[in-house]
Amino acid sequence: SSAEAGLYTASDQIQVLTLENVDSVLVNSTAAIVVEFYASWCGHCIAFSPVYKSLARDIKEWKPAVDLAAIDCAVEENRKVCTGFGIRGYPTIKFFHAYSKGDSTGLAFGGFPREVRGLRQRIIDALESHEDPWPPACPPLEPTSQAEIDIFFETNSVEYLALIFEDSKSYIGREVTLDLLQYDNIAVRRVLSTEEALVAKLGVTEFPSCYLYYPGGNFTRLNVHIEARTFYSYALQRLHGVVRSGKPRPVTEDLQRNDTEEAWRPFNRSMVYMADLESALHYSLRVELSAHPVFKGETLNALKSYISVLAKYFPGRPVVVNLLKSVDSWLQDHTGAEVSYAALREQLDNSGQVPDAALPEGVRWVGCQGSKPYFRRYPCGVWTLFHVLTVQAQSSAGSEPQEVLQAMAGYVRNFFGCRPCAEHFSNMVQESLAEVHSLSIAVLWLWSRHNRVNNRLAGAPSEDPHFPKIQWPPPELCSGCHGVKKSGEHSWNQEQVLAFLLSHFSSDSLLTDYLE
Ligand code: FAD
């Protein structure tokens, strides 16, 4: 369809507008809508599209208050729409206030910046230009005062009021307010450095800085690695008792209650468990692959590559490694055009009785346990397994930079039972796997694509409320991984991230608790 030929798809978190849906999206929406009018043939639009996509990722938490959309004016049937809005050049960005009428032509962002931070600030300015009606999901953005705070808890039933002290020119307070709008039990307000009574009362000397105010009138300073937007938002979203709206509040007893048919296994959240890796192997090899009675052509190649990287890099117990190696050599020696699952299964179960070789039966999830039987588990195991394999390949100086990732791509494309997942993952592979020229970049590639998936899935129904999807690793696992650019934007320190991943997923750090 015409929508698919354009520069954006729904998985970019950008609404794709067409002649048919434009009115239903823009007219009378409870959220403000930012629309990029572009032409898919226009070079500046193509160059701008990665920025617009990053913006969508950057402000995805703001969606209920302000959402992003785009329309391809090069599509003939869309011309009428673009002409109707008076579009003459591309790209053009327009802001449609919440509850816009059918005849609204939007507020044009003239000469808009071609970077995320500037665009984000323009959006905040535009949000603030709302007169009545204000978008209902958008919290107040104006600075608060001592008077408002004094009565705050009388009219708001939240556990925390976060106050961001800042200069009038700073956008951080408003950005964090919007970052938290989908979270319950917390409200965020900005306080200007000129609000002298409050500044004196809390003894504030640094701008920006963030303080937590409690219903009893107590307050504490929020400890962060760097005084910047992402660090405040990370920390506030993860405060005890703060949960995503519409999600049941996680109850610790949930985890102990035996409704996952097995007793909960206590574990350390900052560690990787061999039990999860072996469980992923069992499920993948004995359950998922069994859906394919015969492997041939592409599926046979995918199977061979997968088993080959497992045999080379799986940092398992000797019996498991022996088993993987014996299956691998059996498969590599196999010259026929087909392999049946039944024959593979005999090898996996070691019917030929290779000495000291076995793959334990069954699953025992530990770090991948979910608070409900339908959360986490196997997909968590798959991610963990491949992170470990990329790290093993790097530290054993494997020869092919893309070897593990190609095997993963082949596995996911041909066998991974979650088909929409496979499609998204294959798109990322096509888009950028070619850029992977070293084993270290392979480790970082998988980390950053996994974070893309986390970003897309944050708040989705599949998210376990006890294990929220975050940009990983969070500062408490690796503070040096996080930094800010001169502009104040969050940045990853890739060298530190690489060092962290190499250590976190290394064979030396794997815990062997709960193995049979
Ligand atoms: P997971 O995302 O499974 O992560 C497991 C563990 O890895 C985390 O607990 C954390 O310790 C660590 N981790 C987290 N982020 C990173 C990172 N960036 N780098 C390294 N380690 C990290 N679900 C969908 O609903 N839609 C999809 O399109 C989709 N696509 C998927 C594609 C693939 C290839 C896979 C393997 C899974 C996909 N899933 C998808 C499932 C989803 O990504 C999660 O695996 C699932 O929701 C379970 O989440 P989790 O909380 O256990 O964490």
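Suppose every Lys and Arg Cβ carries +1 and every Asp and Glu Cβ carries -1, with no other charges. What dipole size does the chain come out with about its Cα centre, to the nearest 20 debye?
Taking the Cα centre of the chain as origin, the dipole is about 420 debye.
Please list the non-local residues whose amide H lies under 5 Å from the amide H of residue 491, H modeled 1.01 Å from N, same-chain partners needing a gap of 5 or more.
483, 484, 485
Where both partners of a DSSP beta bridge lie in the chain, what percent of those bridges are antiparallel, to the nearest 5? Mind dumping the intermediate values first?
On the way: 23 of 41 bridges.
Approximately 55 percent, going by the DSSP bridge assignments.
Projecting each Cα onto the charge dipole of the chain (Lys/Arg +1, Asp/Glu -1 at the beta carbon, about the Cα centre), which of 447, 336, 355 comes out farthest on the positive side?
Comparing the listed Cα positions along the dipole, 336 ranks first.
Give the lysines whose C-alpha is closer than 22 Å to that of residue 101, dropping any in the same chain fewer than 8 places away, or say none.
63, 80
With every protein chain present, what is the per residue accessible area of the stretch 89-190 (1.4 Å probe, Å²)?
Working: 4350 Å² over 102 residues.
Per-residue accessible area for the stretch 89-190 comes out at 43 Å².
Quick one: net charge of residue 234's neighbours, Cβ under 12 Å, K/R +1, D/E -1? All intermediate terms of the calculation are to be shown ahead of the outcome.
Values: positive: 229, 238; negative: 61, 179, 476.
Every neighbour counted, the sum reads -1.
Below 8 Å, C-alpha to C-alpha, sequence gap of six or more: please give me the relative contact order for the chain in percent. Can you show the working numbers first?
On the way: 771 pairs, mean separation 60.4, N = 516.
Taking the mean separation of contacting Cα pairs over the length of the chain, I get 12 percent.
Using per-residue counts of other Cβ atoms within 10 Å, averaged over each peptide, order 352-358, 282-288 from highest down. Please list the in-between numbers first.
On the way: 352-358: 12.0, 282-288: 18.3.
Result, highest mean Cβ count within 10 Å first: 282-288, 352-358.
For residue 434 and residue 493 in the same chain, what is the full-extension length gain: residue separation times 0.36 nm, less their Cα-Cα distance, in nm? Walk me through the numbers on the way to the answer.
Values: separation 59, 0.36 × 59 = 21.24 nm, distance 2.24 nm.
Working it through step by step, the gained length comes to 19.0 nm.
Kindly rank 107-117, 403-413, 436-446 from highest to lowest mean number of other beta carbons found within 10 Å of each residue. Intermediate values should be presented prior to the final figure.
Details: 107-117: 14.1, 403-413: 22.6, 436-446: 19.4.
Top to bottom by mean Cβ count within 10 Å: 403-413, 436-446, 107-117.
When all C-alpha to C-alpha distances in the stretch 293-445 are sorted into bins of 5 Å, what percent of pairs does each bin hold, rounded to whole numbers?
Reading the bins upward from 0: 2, 9, 15, 20, 21, 18, 11, 4, 1, 0.
Considering only DSSP beta bridges whose two residues both sit in the stretch 120-239, what percent are antiparallel, to the nearest 5? Walk me through the intermediate numbers first.
Details: 8 of 15 bridges.
Restricted to the stretch 120-239, the bridges split so that about 55 percent are antiparallel.
Please list, ordered by chain and number, the residues whose modelled amide H lies under 5 Å from the amide H of residue 511; skip anything fewer than 5 residues away on the same chain.
272, 273, 274
At 7 Å along Cα-to-Cβ for each site, give me the label-to-label distance between residue 221 and residue 207 in nm.
It works out to 1.7 nm between the two label points.
Would you work out the relative contact order for the stretch 314-473, in percent, from Cα pairs under 8 angstrom that are 6 or more residues apart?
20 percent
Angle check, please: helix 318-333 long axis (alpha carbons) against the longest principal axis of the chain (alpha carbons), in degrees 0 to 90, nearest 10.
80 degrees
What is the mean projected area of the alpha carbon convex hull for the stretch 416-485, to one decimal in square nanometres? Don't jump to the answer; show the numbers that get you there.
Numbers: hull surface 26.1 nm².
Average of the hull's projected areas for the stretch 416-485 equals 6.5 nm².
So for each of 67-75, 342-350 I average, over its residues, the number of other beta carbons within 10 Å; can you give me the resulting order with the highest mean first?
Values: 67-75: 22.7, 342-350: 17.1.
In decreasing order of mean packing, 67-75, 342-350 become 67-75, 342-350.
In vacuum, with every alpha carbon of the chain counted as one equal point scatterer, what does the Debye formula give for log10 I(q)/I(0) at q = 0.11, 0.13 Å⁻¹? Two decimals, please.
-1.07, -1.31
On the protein heavy atoms, probe 1.4 angstrom, tell me the percent of accessible surface of the chain carried by carbon and sulfur. List each step's numbers first, then the result.
Numbers: 11770 of 22920 Å².
Answer for the chain: carbon and sulfur cover 51 percent of the accessible area.
In nm, to one decimal, how far is the residue 290 label point from the residue 54 one, both placed 7 Å along Cα→Cβ?
Label-label distance for residue 290 and residue 54, simple model: 4.7 nm.
How many nm is it between the label spots at residue 507 and residue 77, if each spot is 7 Å from the Cα in line with the beta carbon?
Result for the modelled spin labels: 5.7 nm.
Please give the FRET efficiency for residue 168 paired with residue 484, using the beta carbon to beta carbon distance and R0 = 22 Å, rounded to the nearest 0.05. Write out the running numbers ahead of the final one.
Values: r = 21 Å, r/R0 = 0.93.
Efficiency computed from Cβ-Cβ geometry: 0.60.
Within the set 247/469; 169/201; 304/469, which residue pairs have Cα atoms separated by over 21 Å?
Working: 247/469 13 Å; 169/201 23 Å; 304/469 32 Å.
With Cα atoms farther than 21 Å apart: 169/201; 304/469.
Please report, in debye to the nearest 20, how large the charge dipole of the stretch 85-176 is about its Cα centre when each Lys and Arg carries +1 at its beta carbon and each Asp and Glu carries -1 there.
Numbers: 9 positive and 14 negative charges, 172 e Å.
Here the stretch 85-176 has a charge dipole of around 820 debye.
Roughly speaking, what is the centre-to-centre gap between the stretch 216-236 and the stretch 70-133 when only Cα atoms are used, to the nearest Å?
Using only Cα atoms to place each centre, the spacing works out to 34 Å.
In sequence order, what are the phi-derived ³J(HN,Hα) couplings for the stretch 15-22 according to the Karplus relation 6.51 cos²θ - 1.76 cosθ + 1.60 with θ = phi - 60°, rounded to whole Hz, with x for glycine and proline?
For the stretch 15-22, the Karplus curve yields 6, 8, 8, 9, 3, 6, 9, 4 Hz.
Quick one: Karplus J couplings for the stretch 90-103, per residue in order, coefficients 6.51, -1.76, 1.60, θ = phi - 60°, nearest Hz, x for Gly and Pro?
10, x, 10, 10, 10, 10, 10, 4, 4, 6, 4, 8, x, 9
In degrees between 0 and 90, to the nearest 10, how far off the longest principal axis of the chain does helix 419-432 point, with axes built from Cα atoms?
With both axes taken from Cα atoms, the answer is about 80 degrees.
Residues with amide H under 5 Å of residue 376's amide H, sequence separation 5 or more or different chain, H placed in the peptide plane at 1.01 Å from N; which?
none
Calculate log10 I(q)/I(0) of the stretch 78-199 for q = 0.10, 0.20 Å⁻¹, where I(q) comes from the Debye formula with a single equal point scatterer on each Cα and nothing for solvent.
For the stretch 78-199, the Cα-only Debye profile gives -0.42, -1.19.
Bin width 10 Å, origin at 0, all Cα-Cα pairs of the stretch 140-282: what percent of pairs per bin?
10, 35, 27, 15, 10, 3, 0
The values are calculated or read from the model by the stated rules, or taken from the named source; none is laboratory data. Keep in mind that what you see is a predicted model, and the values were worked out from it rather than measured. Virtual Cβ from ideal backbone geometry, glycine too; neighbours counted across all protein chains shown. Surface accessibility is based on the protein's heavy atoms, side chains included, excluding ligands, DNA and RNA. Shrake-Rupley method; radii C 1.70, N 1.55, O 1.52, S 1.80 Å.
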